[in-house]
Amino acid sequence: MSPSSNPAESFDGEFIGKWIGRNFFFSDLLESDTRSPCMTFSMPESLLRLLRFLERTTTITDDDADGGIQFGLLAPQLQFWLALGSTLVWGLLFNTCISLLVYNLIVLPRKRGNKNRTNKQNNNAESSLLMTPYLVGFGIIMPLCAISPYYALRYFGIRNKIIKFFMGIAQLTSFFRCSEAMFGFLPAHVDDSLKNLIIYAASPVEVKFNSNGPLKSTWTHAKDFLVNLITWIIVLGMYSSILLVYDYQPFPKAEGPALQDIKLGTGFSPQQLINNLSCVILLQVYLTTFGAGLKFIASICGFQVIPIMLNPIFESSSPSDFWGRRWNLVVHGILKRGVYKPVRTKFSRSSASLATFLASGIFHEWLLSVVFYPDSEDGTCSPICYTPGYGRTSLFFVWNAILIGFEYAVGGAAIFQLFRKHLPLTVVSLMVTSTALPVAHWFTNDYVRSDYFNDAQAGFPFIVKVE
């Protein structure tokens with residue numbers, strides 16, 4: 001009997017979850033990109049040949065040569081952005097609940113334990129207060145953050161991989177912010193009050209605080225962020241339209257998808273380097289675009305937040321500048337305070353850096369498991385199931401940890417200082433990027449081989465050939 005035929009059975013938990021999935025996460029609508037062009041236009045075939053725009057995927061016919069090729073403009077789909085908004089609301093609710101646990105079971109016991117230690121009240125009660133945060137964090141909160149996305153995806157019936165990605169990110173931030181609280185490395189003034197902690201933990205970006213609470217944004221900030229968001233949506237749509245022609249890889253893939261398929265020499269071929277650079281730029285534009293959207297939302301809520309991306313590919317002066325001051329600063333912040341600083345209190349700077357990059361690799365592997373989690377209990381997926389090449393991402397981050405260690409050792413040498421002083425910043429930055437570019441496909445491989453980027457298309461303007 002179907003749920004709709006029996007009122008007594010219609011509103012069970014499973015039905016409610018699927019109803020929310022269809023109406024708030026648009027799980028059925030965003031399963032594939034079904035948009036039709038809102039306008040069409042033609043482009044001369046000679047110009048297309050000059051740009052080598054359709055070299056690998058389109059056959060130019062005589063009719064095309066005579067009348068030009070017809071293209072259509074696909075408008076962004078509103079439901080994609082509404083689904084992302086629902087994902088943010090879900091993350092806000094989940095992280096608010098987690099922050100209540102963190103404040104009462106981690107922050108307050110830690111404060112009381114530190115106060116007793118300052119007053120030299122060394123007793124069993126003090127030891128219990130100092131142990132409670134670790135027991136609660138490692139035993140309850142962090143496991144809950146790690147497993148809850150799988151249940152949420154199945155409960156709501158979410159199949160779009162971008163929505164899955166953001167469902168995972170919401171719990172991921174709480175995981176590392178719990179570590180910050182356990183080890184006492186929350187940002188300044190965040191643990192001054194429960195309100196501050198909720199605002200900090202519930203936000204997918206990092207809110208700025210001072211002694212009076214969160215720093216306030218203005219409507220001028222909101223307007224600037226909105227213009228920035230619209231600009232990046234257009235840029236991302238146009239750049240993705242070009243890469244879509246090549247299935248997001250200008251040249252054929254030279255490696256298989258699994259860890260054992262890695263060939264060290266492959267990454268140094270010109271074709272693979274071009275593939276890697278085009279995809280890394282795509283990831284930077286994606287993060288910049290979504291970061292602009294999150295900053296806009298935070299600003300209309302009245303909060304100032306830190307930037308997310310600061311053009312790392314073209315403005316970095318060193319590997320540590322790339323990873324530490326320019327690439328995904330929200331994740332950098334929670335890893336620095338949740339992993340690097342706790343490890344650094346006991347071990348060397350190089351050891352702490354390696355631990356941080358390993359943690360980054362592991363959580364990115366976990367994120368892959370969320371993004372490519374089967375859509376149903378029988379293991380089926382729509383439109384295809386994809387099994388990530390686990391291990392490749394962690395290896396990529398270990399490579400970058402080695403680069404950072406190398407910078408610590410010889411980065412102050414005269415030749416490197418000469419480069420920074422006399423070469424244009426863009427040239428220096430591309431040299432920095434090139435140190436990791438040969439292995440970048442270890443990280444991007446799963447996103448390119450699967451339909452991950454196809455699931456994101458609906459939210460952006462695309463130019464496609466009209467058949």
Exercise. What are the residues whose amide H is under 5 Å from the amide H of I69, where those residues sit 5 or more places off or on another chain and H is modelled from the backbone?
Worked result: M43, E45
Exercise. Debye sum, Cα scatterers, segment 267-377, no solvent: what log₁₀ I/I(0) at q = 0.13 1/Å?
Worked result: -0.68
Problem set entry | the chain, relative contact order [Cα under 8 Å, separation at least 6], % | 22 percent
Problem set entry | Phi to ³J(HN,Hα) by Karplus 6.51 cos²θ - 1.76 cosθ + 1.60 over segment 267-272, Hz, x for Gly, Pro | x, 9, 6, x, 5, 5
Exercise. With labels modelled as points extended 7 Å from the Cα through the Cβ direction, what inter-label distance (nm, one decimal) is found for E255 paired with L194?
Worked result: 4.9 nm
Exercise. So, in nm, how far is label T34 from label S320 when the simple model puts each one 7 Å beyond its Cα toward the Cβ?
Worked result: 5.4 nm
Problem set entry | Cys with no candidate disulfide partner in the chain (beta-carbon separation under 4.7 Å rule) | C38, C97, C145, C178, C279, C301
Problem set entry | Helix 349-371 axis, angle to the chain major axis (alpha carbon atoms, nearest 10°) | 60 degrees
Problem set entry | Backbone HN-Hα couplings from phi across segment 442-450 [Karplus 6.51/-1.76/1.60, Hz, Gly and Pro as x] | 4, 8, 7, 3, 5, 5, 6, 5, 8
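Using the Cα centre of the chain as the reference point, and only Cβ charges (+1 on K/R, -1 on D/E), how large is the resulting charge dipole? Debye, rounded to the nearest 20. Could the numbers behind the result be given before it?
Working: 37 positive and 32 negative charges, 525 e Å.
Dipole size: approximately 2520 debye.
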Problem set entry | Relative counts (whole %) of C-alpha pair distances in segment 183-249, using bins that are 10 Å wide | 17, 29, 22, 20, 12, 1
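Rounded to the nearest whole Å², what accessible area per residue is found for the chain with the 1.4 Å probe? Don't jump to the answer; show the numbers that get you there.
On the way: 22330 Å² over 467 residues.
Heavy-atom accessible area per residue stands at 48 Å².
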Seminar exercise, completed: Taking the chain and counting helices only, DSSP H stretches of n ≥ 4 at -39,500 (n - 2.57) each over all residues, the nearest-500 ellipticity at 222 nm comes to -19000 deg cm²/dmol
For this session: Per residue of segment 418-434, in order, report the coupling 6.51 cos²θ - 1.76 cosθ + 1.60 (Karplus, θ = phi - 60°) as ³J(HN,Hα) in whole Hz, putting x for Gly and Pro.
Result: 5, 4, 4, 7, 10, 8, x, 4, 4, 5, 4, 5, 5, 5, 4, 4, 5
For this session: Name the longest site-free stretch of the chain, where the excluded sites are chymotrypsin sites (Phe, Trp or Tyr not before Pro) in a DSSP loop with no more than 14 other beta-carbon atoms within 10 Å.
Result: 12-346
For this session: Keeping the other protein chains in place, figure out the carbon and sulfur percent of the accessible area of segment 288-401, with a 1.4 Å probe.
Result: 63 percent
For this session: May I ask for the distance between the Cα centers of segment 188-251 and segment 285-314, given as a whole number of Å?
Result: 3 Å
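The values are calculated or read from the model by the stated rules, or taken from the named source; none is laboratory data. These figures come from a predicted structure and were not determined experimentally. Backbone-built Cβ (ideal geometry, glycine too); neighbour counts: all protein chains shown. In case anyone asks, the SASA skips ligands and DNA or RNA and just uses the protein heavy atoms, side chains included. Shrake-Rupley method; radii C 1.70, N 1.55, O 1.52, S 1.80 Å.
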